[in-house]
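Heads up, the thing below is written out as structure tokens.
The values are calculated or read from the model by the stated rules, or taken from the named source; none is laboratory data. Small disclaimer: the values here were computed from a predicted structure and weren't measured. No Cβ is skipped: glycine too gets one built from the backbone with ideal geometry, and neighbour counts run over all protein chains shown. Areas reflect the complete protein model, heavy atoms only, side chains present, ligands, DNA and RNA absent. Shrake-Rupley method; radii C 1.70, N 1.55, O 1.52, S 1.80 Å.
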Amino acid sequence: MSIVRESDLIGIGKKYQIETEAGDQMVVVIHDDGKRELYRSEGDDSETHCVMTLSDEESRQVAGIIGGLSYKPKALETMELALDDLRIEWYKVGISSDGVDKSIGELGVRQRTGASIIAAIKEEDTIINPGPDYVITPGTTLVVAGKKTNIKQLKEILI
């Protein structure tokens with residue numbers, strides 16, 4: 001697991017120093033205005049060099065890409081990620097699922113299960129944080145978040 005050190009930059013924002021499992025050194029500076037700067041250490045010296053500056057919107061797009069919201073390798077159809085009690089799972093909706101052709105609001109996903117649908121992916125189209133009017137269609141991969149029991153209840157609604 002990587003090591004992350006966080007520090008406040010008074011009047012600027014926050015700084016995150018990241019040491020990856022592979023031994024790479026990276027620094028992310030998040031400015032109060034939303035701008036992000038990415039730095040990388042070159043070699044053994046402690047000097048860092050800015051490799052990229054991103055706007056807030058660009059940063060969120062890149063985060064989604066890196067986090068796997070826009071592309072999921074085929075081998076990871078039922079991928080699961082656990083962070084303490086929080087789980088994030090990918091669930092592909094089948095043709096005969098009970099939740100097909102119903103909206104998130106109609107199913108009462110959050111109210112009935114406590115889980116949240118944080119993304120819906122169908123072919124090349126990715127919708128981040130779909131609202132209650134979003135209609136679930138066959139073949140859509142839903143990215144869901146919640147506790148294990150909440151996600152189990154959500155799957156029961158959809159199956």
What are the residues in the stretch 107-151 that are without any contact (Cβ under 8 Å) to a residue 12 or more places away in the chain, more than 20 Å from residue 85 (Cβ to Cβ) and not in a loop (DSSP other than H, G, I, E, B), if any? 125, 127
Residues of the stretch 9-21 being surrounded by 12 or more Cβ atoms within 10 Å (Cβ to Cβ) and of a type in the set (A, V, I, L, M, F, W, C), in sequence order, are 9, 12, 18
Matching residues in the stretch 22-35 - criterion: being within 20 Å of residue 3 (Cβ to Cβ), open to solvent by 40 Å² or more (accessible area, probe 1.4 Å) and either part of a loop (DSSP other than H, G, I, E, B) or out of contact with any Gly (no Cβ under 9 Å at 6 or more places or on another chain) (or both): 22, 23, 24, 25, 26
Any hit, the stretch 71-89, residues being touching a His at 6+ places or on another chain (Cβ under 8 Å) and either open to solvent by less than 70 Å² (accessible area, probe 1.4 Å) or modelled with pLDDT of 80 or more (or both): no
